[in-house]
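Have a look at the structure below before the remarks.
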Amino acid sequence: MHIEEAIELLQCLVFAKTDQHLDKVQIDVLRGAWENHTYDIIAETYCFSSAHVKTVGAKLWHLLSKVLGTKVNKKNVQVVLKRIARDWQQESSRRISSSPILELPGGQVPLDSPFYVERPPIEACSYHAILQPGALIRIYAPRQMGKTSLMARILEQARWQG
């Protein structure tokens with residue numbers, strides 16, 4: 001995990017819990033801590049006073065501890081974030097592997113299928129036309145566009161209406 005990935009992950013997690021994003025100074029402190037720099041070096045690198053960086057750092061670690069549900073400080077931030085990212089990836093892959101795989105049907109789509117794309121004006125006209133004695137409906141479209149499924153729905157509607 002790189003620092004940019006850690007920042008992106010933290011921005012998402014912090015925003016989800018607090019409706020706020022980390023500010024520039026907090027991100028700079030995080031970058032410095034990620035590189036194992038002292039507060040003095042962080043202050044010098046980003047042109048802040050050492051006292052300001054220490055204050056921001058203390059508040060940042062408190063915020064991250066609250067958001068992540070585990071004690072976070074300057075020394076363990078990298079380890080904690082790598083563990084959380086790993087756990088998050090494992091949970092995500094577990095969820096994906098346990099979710100049912102939807103297979104796209106080949107041929108006619110069942111009447112109750114969520115894959116059927118409704119075409120209200122075409123269907124309404126077809127439902128009305130099929131009820132007329134001697135009705136002829138011409139359906140013309142490229143392959144795999146749902147002609148057979150549309151015809152099945154029109155016929156079902158005609159059966160239902162008698």
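Among the residues of the range 139-162, write down those that are in a loop (DSSP other than H, G, I, E, B) and either β-branched (Val, Ile, Thr) or within 24 Å of Gly106 (Cβ to Cβ) (or both).
Within the range 139-162, Ile139, Tyr140, Ala141, Pro142, Arg143, Gln144, Met145, Gly146 meet the criteria.
Which residue out of Leu10, Leu60 is at pLDDT below 90, hydrophobic (A, V, I, L, M, F, W, C) and buried (at least 16 other Cβ atoms within 10 Å of the Cβ)?
Leu10
Let's see how each residue does on (1) at pLDDT 80 or above; (2) under 30 Å from Ile3 (Cα atoms):
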residue	(1), (2)
Trp88	no, yes
Leu102	no, no
Pro133	yes, no
Met145	yes, no
Ala152	yes, no
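Restricting to the range 38-53, what's the tally of residues that are crowded, with 17+ Cβ neighbours inside 10 Å and within 15 Å of Lys75 (Cβ to Cβ)?
2
Inspect all residues belonging to the range 29-40 and state whether any of them is modelled with pLDDT under 90 and touching a Phe, Trp or Tyr at 6+ places or on another chain (Cβ under 9 Å).
So far as the range 29-40 goes, no, none of its residues is modelled with pLDDT under 90 and touching a Phe, Trp or Tyr at 6+ places or on another chain (Cβ under 9 Å).
Can you say whether Glu5 is farther than 18 Å from Val79 by Cβ and either touching a strand residue (DSSP E or B) at 6+ places or on another chain (Cβ under 9 Å) or surrounded by fewer than 16 Cβ atoms within 10 Å (Cβ to Cβ) (or both), as far as the supplied structure shows?
no
Any chance the range 66-75 includes a residue that's of a type outside the set (Val, Ile, Thr), at pLDDT 85 or above and in contact with a Phe, Trp or Tyr (Cβ under 6 Å, 6 or more places away or on another chain)?
Yes, some residue in the range 66-75 is of a type outside the set (Val, Ile, Thr), at pLDDT 85 or above and in contact with a Phe, Trp or Tyr (Cβ under 6 Å, 6 or more places away or on another chain).
Of the residues in the range 63-73, how many are in a helix (DSSP H, G or I) and either surrounded by fewer than 18 Cβ atoms within 10 Å (Cβ to Cβ) or aromatic (Phe, Trp, Tyr) (or both)?
Counting residues in the range 63-73 that are in a helix (DSSP H, G or I) and either surrounded by fewer than 18 Cβ atoms within 10 Å (Cβ to Cβ) or aromatic (Phe, Trp, Tyr) (or both) gives 3.
The values are calculated or read from the model by the stated rules, or taken from the named source; none is laboratory data. Predicted model, so just to flag it, every value in this text is computed and none were measured. When we count neighbours, we look across all protein chains shown, and the Cβ atoms used for this are built from the backbone with ideal geometry, even at glycine.
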